[in-house]
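A.B. asks: If you scroll down you'll find the structure; I have some questions about it.
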Amino acid sequence: MLRVDDITIQYGEEKVLEHFSCHIHPSTLVCITGKSGCGKSSLLRAFMGMAPWVDGTIHIDGIEVGEKTCSAVRSKTVYLPQDLSFPCEYVDDLISLVLQIGKVKREKQVVVQLQQHLAILGLEAEFVNKRMSEMSGGQRQRLILAILALLDKSVWLLDEPTSALDDESRERVAQFLLALQRAGKTIVAVSHDARFAEQCSTIISID
């Protein structure tokens with residue numbers, strides 16, 4: 001469970017989210033909606049211990065998020081920001097880097113799983129041989145979802161996962177995330193996409 005109890009996220013003197021609480025049950029696909037600037041992305045970062053909050057508490061899988069527990073929380077969590085820079089020139093190098101960070105061995109089974117994920121997301125297996133610069137923003141967005149799924153983390157935090165996608169790709173991503181939910185993952189996605197939100201099991205609206 002992800003539990004937020006009466007937190008206020010504050011940068012300097014500016015409060016971007018005030019006295020906010022929510023409880024998110026395991027194995028759910030949750031969409032967080034609200035106007036720009038209302039604190040949605042900051043809330044995702046707070047789950048990771050990356051945004052400053054005053055008062056209140058945040059728990060992930062029974063662990064209270066704080067300076068001493070960030071490593072334990074992040075070991076359970078996938079976090080995908082909206083603006084993501086890729087440190088590798090080739091897709092294959094990115095795959096190796098993510099697996100190395102996640103301490104996952106690149107075995108035959110893992111390669112097969114990646115190919116399956118790519119197929120579900122509408123990407124051909126040959127994409128692993130491309131340069132990152134040869135892919136569109138939507139392709140890169142789907143690619144990183146396919147790679148991150150190999151890490152088998154229990155909690156996913158996604159900031160605008162369908163923002164760069166056409167209708168077909170958006171539907172593929174939604175179905176991919178629903179499959180992760182059925183496999184027991186807890187997914188929290190910030191999104192302005194009304195069609196995506198309709199497919200989520202829970203919608204949390206921040207005023």
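The values are calculated or read from the model by the stated rules, or taken from the named source; none is laboratory data. These numbers were taken from a predicted model, which means no experiment stands behind them. Ideal geometry is used to build each Cβ from the backbone, glycine not excepted, and the neighbour counts take in all protein chains shown. Side chains included, ligands, DNA and RNA excluded: accessible areas come from the protein's heavy atoms. Shrake-Rupley method; radii C 1.70, N 1.55, O 1.52, S 1.80 Å.
A.B. asks: How many percent of DSSP beta bridges within the chain run antiparallel, rounded to 5?
C.D. replies: On the way: 16 of 34 bridges.
In the chain, approximately 45 percent of DSSP beta bridges are antiparallel ones.
A.B. asks: Which order do His25, His59 take by accessible area at a 1.4 Å probe, largest first?
C.D. replies: Values: His25 105, His59 30 Å².
Putting His25, His59 in descending order of accessible area: His25, His59.
A.B. asks: What is the helix-to-structure angle for 91-101, meaning the angle in degrees between its Cα long axis and the longest Cα principal axis of the chain, kept from 0 to 90 and rounded to the nearest 10?
C.D. replies: 50
A.B. asks: Let me ask another. Might you work out the accessible area of Thr28 for me, using a 1.4 Å probe with all protein chains in place, and round it to the nearest 10 Å²?
C.D. replies: About 20 Å², rounded to the nearest 10.
A.B. asks: When ligands, DNA and RNA are left out and all protein chains stay put, how many square angstrom of accessible area per residue does the chain have with a 1.4 Å probe? All intermediate terms of the calculation are to be shown ahead of the outcome.
C.D. replies: Values: 10410 Å² over 207 residues.
That works out to 50 Å² for each residue.
A.B. asks: Please give the length that would be gained between Thr69 and Thr57 if that part of the chain were fully extended, namely 0.36 nm times their separation in residues minus their C-alpha to C-alpha distance (nm, one decimal). Don't skip to the end; give the middle numbers.
C.D. replies: Details: separation 12, 0.36 × 12 = 4.32 nm, distance 1.27 nm.
Between Thr69 and Thr57, full extension yields 3.0 nm more.
A.B. asks: Using a 1.4 angstrom probe and counting only protein chains, how large is the accessible area of Arg106 in Å², to 10?
C.D. replies: Answer for Arg106: close to 110 Å² accessible.
A.B. asks: Another question, if that's okay. Where does the chain land at 222 nm, in deg cm²/dmol rounded to the nearest 500, when only DSSP H runs of n ≥ 4 count, each adding -39500 (n - 2.57), divided by all residues? Could the numbers behind the result be given before it?
C.D. replies: Details: 7 runs with 70 residues, N = 207.
The per-residue figure over the chain is -10000 deg cm²/dmol.
A.B. asks: How charged is the neighbourhood of Ser42? Take every other residue with its Cβ under 12 Å from the Cβ of Ser42, and add Lys/Arg as +1 and Asp/Glu as -1.
C.D. replies: Working: positive: Lys15, Lys40, Arg45; negative: Glu14, Glu18, Asp159.
Residues near Ser42 contribute 0 overall.
A.B. asks: Starting from the Cα of His192, step 7 Å along the direction of its Cβ; do the same at Met50; then give the gap between the two resulting points in nm.
C.D. replies: 2.0
A.B. asks: State which entries of Lys108/Lys130; Lys68/Lys130; Lys15/Lys103; Lys15/Lys185; Lys68/Lys108 exceed 28 angstrom in Cα-Cα distance in the structure shown.
C.D. replies: Values: Lys108/Lys130 20 Å; Lys68/Lys130 40 Å; Lys15/Lys103 37 Å; Lys15/Lys185 31 Å; Lys68/Lys108 36 Å.
Violating the 28 Å limit, Cα to Cα: Lys68/Lys130; Lys15/Lys103; Lys15/Lys185; Lys68/Lys108.
A.B. asks: Below 12 angstrom from the Cβ of Trp156, what's the summed charge of the other residues (Lys, Arg +1; Asp, Glu -1)?
C.D. replies: On the way: positive: Lys76, Lys153, Lys185; negative: Asp152, Asp159.
Summing Lys and Arg as +1 and Asp and Glu as -1 gives +1.
A.B. asks: Let me know the shape class of the stretch 153-195, please: from the alpha-carbon gyration tensor, a ≥ b ≥ c as square roots of the eigenvalues, rounded when a/c is under 1.5, otherwise prolate if a/b is greater than b/c, or oblate. Show your work: numbers first, answer last.
C.D. replies: Working: a/c = 2.55, a/b = 1.51, b/c = 1.69.
Oblate, because a/c is 1.5 or more while a/b does not exceed b/c.
A.B. asks: Next question. Given a cut-off of under 8 Å on Cα pairs at least six residues apart, what relative contact order in percent is computed for the stretch 119-207?
C.D. replies: Working: 68 pairs, mean separation 28.6, N = 89.
Taking the mean separation of contacting Cα pairs over the length of the stretch 119-207, I get 32 percent.
A.B. asks: For the stretch 90-207, what % of the accessible area comes from carbon and sulfur atoms, probe 1.4 Å? Intermediate results must be reported in sequence, preceding the final value.
C.D. replies: Details: 2760 of 5830 Å².
Taking all protein chains in place, the stretch 90-207 shows 47 percent carbon and sulfur surface.
A.B. asks: Keeping all protein chains in position, work out how much accessible area Trp53 exposes to a 1.4 Å probe, and write it in Å² to the nearest 10.
C.D. replies: 60
A.B. asks: Further question: Give the peptides 187-196, 6-15, 174-183 in descending order of average Cβ contacts within 10 Å, highest first. Could the numbers behind the result be given before it?
C.D. replies: Values: 187-196: 19.7, 6-15: 13.0, 174-183: 16.5.
In descending order of packing, they fall as 187-196, 174-183, 6-15.
A.B. asks: On a C-alpha basis, how far is the centre of the stretch 41-63 from the centre of the stretch 157-207 in Å? Whole number, if you could?
C.D. replies: Centre-to-centre (Cα) distance: 21 Å.
A.B. asks: Could you calculate the FRET efficiency of Lys105 with Asp83 from 1/(1 + (r/R0)^6), where r is the beta carbon distance between them and R0 is 30 Å, rounded to 0.05? Before the final figure, lay out the partial values.
C.D. replies: Values: r = 30 Å, r/R0 = 1.01.
Plugging the Cβ-Cβ distance into 1/(1 + (r/R0)^6) gives 0.50.
A.B. asks: So for the chain, averaging the separation of alpha carbon pairs under 8 Å that are six or more residues apart and normalising by length, what relative contact order in percent results? Could you put the intermediate results ahead of the total?
C.D. replies: On the way: 339 pairs, mean separation 62.1, N = 207.
Relative CO of the chain lands at 30 percent.
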